[in-house]
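Asker: Here it is, the structure in full.
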Amino acid sequence: MHREKFIERVLLLLALSSVGSLALITIFIFLEGFPLILSVGLKDFIMSSHWAPTKGHFGILAMIISSVFVTLGAMVIGVPLGLSCAIVLAEFSPKRLKMVLKPTLELLAGIPSVVYGFLGVIWLVPLIRNYLGGPGLSLLAGSIILGIMILPTVISISIDALTAVPDLYRDGSMALGATRWQTVRRVVLPAASSGIITAIILGMGRAIGETMAVIMVAGNALQIPTSILDPVRTLTSNIALELGYAAGRHREALFATGIVLFIIIMILNLSATLITRRR
């Protein structure tokens, strides 16, 4: 009895330590960055695209738009591929093949992002430069790399959602004369839609929070992109590139950028949780 209580308290302490660490990080970020938002003004901070912190200009609109475009590009590339792969593995492939391929695909999540960035610089950027034009380091390159990087998240969670649909649904549909594909499209996918939407939202959060690979392939230009071949700088790239030498209000501005990024990712994660609970 005493041993069980001791183990229970240890586990509770570990859980509280995780929550406490998150709370401390959140408090630190807001304490460092919120004063600058108050002094500059939320509207000027978010709605201006003039970023020159050494001259007193702290507009991050261009970086917000670039982050949104890169993330949307990654979703356009990664979601159809990931969902298609999940459907094949969950519904059409033999169990032995699924047991081999699913862990292999999940290993992609363990590859460091700098490796994806390096491969993008070596192979992808020259292809874009030679065949599509532009500098190669661009919004398109960042979207493709991030689209590949979110595949493990989308595939893994989508497979779990599809396999959670009871076999009774499939048997009933096929007993009524539906084909295997009709069953998947009209019965299984709607039943698993909450899990699939969660996978998409979590993949979006993974994409918008990525740093190193985007720094290496996106070009890091402070401008609002007008073409997929334009170089861009995302919120995460801006923090990573400038935090090493920033001081004073410049440093506070980077923490304020982190607040914006933190809020965006929290909204995405909470949306995924709420969608799952509603379903």
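Values quoted throughout were computed directly from the atomic coordinates according to the rules given, and no laboratory measurement underlies them. What you are looking at is a predicted structure, and each value in this text was computed from that prediction instead of being measured. When we count neighbours, we look across all protein chains shown, and the Cβ atoms used for this are built from the backbone with ideal geometry, even at glycine.
Asker: I need the full set of residues from the range 207-218 which are in contact (Cβ under 8 Å) with a residue 60 or more places away in the chain and either surrounded by fewer than 23 Cβ atoms within 10 Å (Cβ to Cβ) or of a type in the set (A, V, I, L, M) (or both), in order please.
Answerer: Across the range 207-218, the qualifying residues are Ala207, Ile208, Thr211, Met212, Ala213, Val214, Ile215, Met216, Val217, Ala218.
Asker: Another question, then. Only residues that are crowded, with 17+ Cβ neighbours inside 10 Å and among the aliphatic types (A, V, I, L, M): list them for the range 240-274, please.
Answerer: Ala246, Ala253, Leu254, Ala256, Ile259, Val260, Leu261, Ile264, Leu268, Ala272
Asker: Confirm whether Ser158 is assigned to a helix (DSSP H, G or I), hydroxyl-bearing (Ser, Thr, Tyr), over 29 Å from Leu222 (Cβ atoms) and free of Cβ contacts under 8 Å to residues at least 40 places away in the same chain.
Answerer: no
Asker: Among the residues in the range 109-120, are any within 13 Å of the chain's Cα centre (by Cα) and surrounded by fewer than 21 Cβ atoms within 10 Å (Cβ to Cβ)?
Answerer: Within the range 109-120 (the criterion being within 13 Å of the chain's Cα centre (by Cα) and surrounded by fewer than 21 Cβ atoms within 10 Å (Cβ to Cβ)), the answer is yes, since at least one residue qualifies.
Asker: Condition check: under 21 Å from Val40 (Cβ atoms) and of a type in the set (Val, Ile, Thr). Does Thr211 satisfy that?
Answerer: Judged against the criteria, Thr211 is not a match.
Asker: Also: Any idea which of Thr226, Thr236 is outside any helix (DSSP H, G or I) and closer than 21 Å to Ser48 by Cα?
Answerer: Just a single option satisfies the conditions, and that option is Thr226.
Asker: Among the residues of the range 184-196, which ones are closer than 29 Å to Ser113 by Cα and crowded, with 18+ Cβ neighbours inside 10 Å?
Answerer: Gly195, Ile196 - these are the residues of the range 184-196 that are closer than 29 Å to Ser113 by Cα and crowded, with 18+ Cβ neighbours inside 10 Å.
Asker: Within 30 Å of Leu241 (Cα to Cα) and over 21 Å from the mean Cα position of the chain (by Cα) - does that describe any residue in the range 135-144?
Answerer: Taking every residue of the range 135-144 in turn, at least one turns out to be within 30 Å of Leu241 (Cα to Cα) and over 21 Å from the mean Cα position of the chain (by Cα).
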